[in-house]
Amino acid sequence: MIIKHAKLYTMGPQGIVKDGYLQIVNGRIAAVGTGEPAMPDEQVLDAKGASVTPGFIDAHTHLGMWEDGLGFEGDDGNEDTDPATPHMRGLDAINPYDRYFAEALDAGVTAVVSGPGSANPISGQMLLMHTCGNSMDEMVIKEPLAIKFALGENPKSVYNGKNQAPQTRMATAAIIREQLYKAQQYRQMKLDAQNDDEIDEPDYDPKCEALLPLLEQKIPAHIHCHRLDDIGTAIRLAKEFSLKLVLIHCTEGYLRPQLVQASGASAVLGPLLTDRSKPELKNASPASAGVLAQNGVLCAICTDHPCVPIEHLPLSALYAHKNGLEYYEALKAITINPAKICGVGDTLGSLEEGKLADILLFEGEPLTAFLKPTAVWMAGERVK
C-alpha cells in the first residue's frame, strides 16, 4: 500500500518530509518520497496532511511481568530468592494477554523492552517485543536483548529484610563482580576445551552460560542506577569487564553529563511522570533528558511500566520537551534512539527503506497531550 500527502517524521536522514509518501511492501518500507507517487495500482491512503511517524518504542518496562489488577498471582517480575539470577528469562514470565498490551498499542507503542525488575544485583534477561500478536514467540523481536543489573537502594532494601547480602552498595557490586568473574573463567575453560581435545569442558552452569553473550559484547548490560555514585559504579563495572553499557534511569546523570558522555554509555531515562517517592529520587528532574542530549549522550525515554502506565510514553516525551528537550529530539527519544540502544536501529525506529513498517498516523502533531494515533500499522499490517 501507499500512504500519500503525509507529513512524515522520518527520524532518519530525510528529517521531516512535508507532503511525503510511503510505500509498504511485504511488511517493510519500500520507498519514501515527496509529492505524488507514480504507483497507481497500489492500495492508496490519502493522509490529507496528517502526521506519520515510526511506531513508538519504550526501552525499559516490565510489561506483562506485573499483571493488571492482580496481586501475587500476577507478580512475576522479581525472583528475589537469590541475588544473582542471570539465567532468569523475561520471556518465561511475561503474559502477552495482559490488558496493558492493548493500551500500549492504542497509544502507538508498537515495541517495548520488558523483563525482570531490580530486586537482584543481577536480575535476568530482558527482551524486545512487539505489543501485538498471538503468542510471546510470535511477538519477540530480539531475545535476549540485555542482562539486567541493579545498583543502589532496591537490592539493599530487598535483602536487608532477608538478613542476607547485599545490605550495602559494596556488597551489591561484589556479588556482580563475583558472578562475572566466574563467567569469565567458565568461558575460558570452554575455549580451552575447544582448542585442546585432552581438556574436558566445564560442567554446565546456567548462570555463567547466560552471561556469555554479555562478556562477548553481543548484548549490553542494562544497569539500574539512580544516584550519581551508583552511575559511577555502573561505569566502573562496565570498564572492568569490557561490557556494553546502558544506564537505566540515570536519574542524577544530568548533574555530571560529562561523566556519562565520556563513558560511552547510552541512557534510558524515566519514569518522568512520578513523584520523588524514595531517597534515590530526591534529585530527579524532568530537565535531565535535555541536559544529557545537549551533551552528546544517546538518550531514550521510558515509562518503567507499571511505575507509569505504558500508554503515557508519548506524554512522557512531551513532558521532557516542555522541560528543555527539543521537540524532534523528544520524538527521537521514543523512536530511533531506543531502536539504536536496543541494537535494532537497522530494523526499527525510523521511516526508511528496508525497515519494518511499524507506522503511526496522527490527525495533528504526534506529541500532543493525550492525542492518540488514528491508525497503527505493525510490520505493514493495520492493527488499529
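The values are calculated or read from the model by the stated rules, or taken from the named source; none is laboratory data. What you see is a predicted model, and the numbers here were worked out from it, not measured in a lab. Cβ placement follows ideal geometry from the backbone for every residue including glycine, while neighbour counts extend to all protein chains displayed. The area values use the complete protein model at the heavy-atom level, side chains included, leaving out ligands, DNA and RNA. Shrake-Rupley method; radii C 1.70, N 1.55, O 1.52, S 1.80 Å.
If Thr374, Thr347 are ordered by their accessible area, calculated over protein heavy atoms with a 1.4 Å probe, which sequence runs from highest to lowest? Mind showing how you got there, number by number?
Values: Thr374 65, Thr347 35 Å².
Largest to smallest exposure gives the sequence Thr374, Thr347.
Would you mind classifying region 315-380 by shape? Square roots of the alpha carbon gyration tensor eigenvalues, ordered a ≥ b ≥ c; an a/c under 1.5 is rounded, otherwise it is prolate if a/b is larger than b/c and oblate if not.
Working: a/c = 2.64, a/b = 1.27, b/c = 2.07.
Oblate, since a/c reaches 1.5 and b/c is not below a/b.
Report, in degrees rounded to the nearest 10, the 0 to 90 angle that the Cα long axis of helix 313-322 makes with the longest principal axis of the chain.
The helix 313-322 is inclined about 80 degrees to the chain.
Cut-off under 18 Å on the C-alpha distance; same-chain residues fewer than 8 positions from Lys278 excluded. Which aspartates and glutamates are left, in chain and number order?
Lys278 reaches Glu153, Asp229, Asp230, Glu252, Asp304.
Expressed as an acute angle from 0 to 90° and rounded to the nearest 10, what is the orientation of the C-alpha long axis of helix 206-215 relative to the principal long axis of the chain?
Computed tilt is about 60 degrees.
Past the 28 Å Cα-Cα mark, which pairs from Lys142/Lys207; Lys18/Lys355; Lys4/Lys218? Could the numbers behind the result be given before it?
Working: Lys142/Lys207 20 Å; Lys18/Lys355 20 Å; Lys4/Lys218 39 Å.
Beyond 28 Å between Cα atoms: Lys4/Lys218.
Given a cut-off of under 8 Å on Cα pairs at least six residues apart, what relative contact order in percent is computed for the chain?
Numbers: 925 pairs, mean separation 73.2, N = 384.
Once divided by the residue count of the chain, the mean separation gives 19 percent.
Positive end of the charge dipole of the chain (Lys, Arg +1 and Asp, Glu -1 on Cβ, about the Cα centre): tell me which of Ile57, Phe101, Asn134 has its Cα farthest that way.
It is Ile57, whose Cα lies furthest towards the positive end.
Which value in nm describes the separation of the simple spin-label points at Ile199 and Glu36, placed 7 Å from the Cα toward the beta carbon?
Here the modelled spin labels are 7.0 nm apart.
Can you give me the accessible area per residue for region 258-343, using a 1.4 Å probe, in Å²?
Numbers: 3280 Å² over 86 residues.
Each residue of region 258-343 exposes 38 Å² on average to a 1.4 Å probe.
Return one number: the angle in degrees, 0 to 90 and rounded to the nearest 10, between the long axis of the Cα atoms of helix 169-195 and the longest principal axis of the Cα atoms of the chain.
Around 90 degrees separate the two axes.
Can you give the convex hull volume per residue for the Cα atoms of region 256-335, as a whole number of Å³? Don't skip to the answer; put the middle values down first.
Values: hull volume 7.0 nm³, N = 80.
Output value, Cα hull per residue: 88 Å³.
Using the Cα atoms as the points, what is the convex hull volume per residue of region 1-120 in Å³? Mind dumping the intermediate values first?
On the way: hull volume 17.4 nm³, N = 120.
Considering the Cα atoms of region 1-120, their hull volume per residue is 145 Å³.
So how much accessible area does Arg236 have, in Å² to the nearest 10, using a 1.4 Å probe?
120 Å²
If you roll a 1.4 angstrom probe over the protein chains with everything in place, what fraction of the accessible area of the chain belongs to carbon and sulfur, to the nearest %?
Carbon and sulfur atoms account for 47 percent of the accessible area of the chain.
Show Arg177, Arg276 ordered by accessible area, largest first, where the area counts protein heavy atoms only and the probe is 1.4 Å. Please list the in-between numbers first.
Numbers: Arg177 75, Arg276 145 Å².
Result, largest first: Arg276, Arg177.
What is the P(r) of the chain, as percent of Cα-Cα pairs per 10 Å bin from 0?
Over the chain, the share of Cα pairs per 10 Å bin runs 5, 24, 31, 23, 11, 4, 1, 0 percent.
What is the ratio of the Cα radius of gyration of region 86-239 to 2.2 N^0.38 Å, with N the residue count, to two decimals? Spell out each step's value before the answer.
Working: Rg = 17.7 Å, N = 154, 2.2 N^0.38 = 14.9 Å.
In units of the 2.2 N^0.38 Å rule of thumb, it is 1.19.
Under a GNM of the chain (C-alpha, springs under 10 Å), which listed residue has the highest mean-square fluctuation: Glu198, Glu143, Glu67?
Glu198
State in Å² the accessible area per residue of region 29-165; use a 1.4 Å probe, count heavy atoms of protein chains only, and round to the nearest integer. It would help to have the intermediate numbers written out before the result.
On the way: 5250 Å² over 137 residues.
Solvent-accessible surface per residue comes out at 38 Å².
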